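Worksheet: the structure to be examined is printed underneath.
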Ligand SMILES: *Cc1c(COP(=O)(O)O)cnc(C)c1O
């Protein structure tokens, strides 16, 4: 048994892991065609044939709508912009509440604030880390207008129950699918189950255009409002003779022709990239699932998980050490970065529960929290979502070793590292005991 690198031994691997690069010749040629045309964007911010953008944007939207089986698709410049646009398009405003998840990327809770509404955090399901429908229902008040679900890590939220609650209380359902393109729930693609779904094309995601986002819906009213919000709606509504002006003032959320050209090629590659990810994730789940106290990701009956990241649970009472000690030991055995990326590909999961951020703790938003139209009393106290807090502070660890760029030899190093750390738990226990004495 060789000594752990964390305690001064030799690491399993020092060679940096390969970069995921989904961009190839097809994308290069597509971008060159756009550059040669000189037509890098064709949007016009008034009611005009080019109000909906140029040929690449329109083609990309058509392809995406076809792939997801929806009536309307709108390209935007990020998932964050898309979330903002969808909150606006659902007529949300001052005095309203939107139920959101605390266990996600920050943009998910900011979107309601942009329109002067208040984000209300509900707790997550401890197996999928998505919003727990029971906890969502407890948070509903007369002010609730929408539920913003996020299919976090790539696993679908329990959509039957969410939709039932939404119908009962007449709420809109917005799906943040940034981490879950082509994930499915009982045979339906996520993003197409609620009123509207948003995908990210940021370079961290399954496929990308550098920055970008896609919005899908079958609702003509939402589609039209998103189009107005995307492109200076206030300058367009008169020419367009729009009757419902609520929240139609706009931003510039437009995607360029180059990004759309890349996106058209990336979308074709998505199914194969997902397959490679799922294959690697399932291999790692099987291998690490043999280690007592390490629980591989749950895949619920009827669900397809697309593994944006692979989230394990760590049972410290079974393993005998703290999760963070385990992660530190793993980080010492393997390079934690891949080329040109600054974030480690193994860690303790997402950002801390969002409500603990200063913006909520100090109510740093002029309108939303102090709005005279707001009659509620939202809480952002520590302890608000105990499952989220336990997952973030104690139980979950995540890695991205299932990326398509990892070869089977790379994966062998990964499993060797996990097994090596596991076999040396007693040394880590000793380390923790010494640290405790010093503290
Ligand atoms: C990446 C991500 C976002 C933000 O997407 P951008 O396209 O970078 O704006 C939002 N929500 C979740 C869950 C994400 O993973």
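Within the range 189-204, the set of residues being at pLDDT 95 or above and either within 10 Å of the ligand (Cβ to nearest atom) or more than 21 Å from residue 162 (Cβ to Cβ) (or both) comprises 198, 199, 200, 201, 202. The single residue among 292, 297, 335 that is without any contact (Cβ under 8 Å) to a residue 60 or more places away in the chain and outside any helix (DSSP H, G or I) turns out to be 292. When the range 140-178 is examined, which residues are found to be closer than 17 Å to residue 111 by Cβ, part of a loop (DSSP other than H, G, I, E, B) and either more than 16 Å from the ligand (Cβ to nearest atom) or over 22 Å from the mean Cα position of the chain (by Cα) (or both)? Passing the criteria: 143, 171.
Before we move on, is residue 137 under 20 Å from the mean Cα position of the chain (by Cα), more than 16 Å from the ligand (Cβ to nearest atom) and surrounded by fewer than 22 Cβ atoms within 10 Å (Cβ to Cβ)? When the stated conditions are applied, residue 137 does not pass them. Count, please, the residues in the range 209-229 that happen to be closer than 30 Å to residue 24 by Cβ and in contact with a strand residue (DSSP E or B) (Cβ under 8 Å, 6 or more places away or on another chain). The total comes to 5. Of all residues in the range 203-223, those being surrounded by fewer than 24 Cβ atoms within 10 Å (Cβ to Cβ) and in a loop (DSSP other than H, G, I, E, B) number 9.
In the range 229-253, of all residues being under 16 Å from residue 78 (Cα atoms) and away from the ligand (no atom under 12 Å from the Cβ), the one that is surrounded by the most Cβ atoms within 10 Å (Cβ to Cβ) corresponds to 230. Restricting attention to the range 66-104, the residues being out of contact with any strand residue (DSSP E or B) (no Cβ under 8 Å at 6 or more places or on another chain) and either within 16 Å of the ligand (Cβ to nearest atom) or in contact (Cβ under 8 Å) with a residue 12 or more places away in the chain (or both) number 6.
Look at (1) outside any loop (DSSP other than H, G, I, E, B); (2) touching a strand residue (DSSP E or B) at 6+ places or on another chain (Cβ under 9 Å); (3) surrounded by 19 or more Cβ atoms within 10 Å (Cβ to Cβ) and you find that residue 63 fails only one, number (3). Restricting attention to the range 179-188, which residues are farther than 21 Å from residue 108 by Cα, part of a loop (DSSP other than H, G, I, E, B) and either in contact with a helix residue (DSSP H, G or I) (Cβ under 8 Å, 6 or more places away or on another chain) or at pLDDT below 95 (or both)? The one that is farther than 21 Å from residue 108 by Cα, part of a loop (DSSP other than H, G, I, E, B) and either in contact with a helix residue (DSSP H, G or I) (Cβ under 8 Å, 6 or more places away or on another chain) or at pLDDT below 95 (or both): 186.
The rows are residues; the columns are (1) free of Cβ contacts under 8 Å to residues at least 40 places away in the same chain; (2) touching a strand residue (DSSP E or B) at 6+ places or on another chain (Cβ under 7 Å).
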| position | (1), (2) |
| --- | --- |
| 159 | yes, yes |
| 163 | yes, yes |
| 168 | yes, no |
| 184 | no, yes |
| 199 | no, yes |
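Taking the numbered list (1) within 14 Å of the ligand (Cβ to nearest atom); (2) modelled with pLDDT of 95 or more; (3) under 16 Å from the mean Cα position of the chain (by Cα) in turn, residue 119 passes all entries but (3).
The values are calculated or read from the model by the stated rules, or taken from the named source; none is laboratory data. As the structure is a computational prediction, the values presented were derived from the model and not from experiment. Every residue, glycine among them, receives a Cβ derived from its backbone with ideal geometry; neighbour counts consider all protein chains shown.
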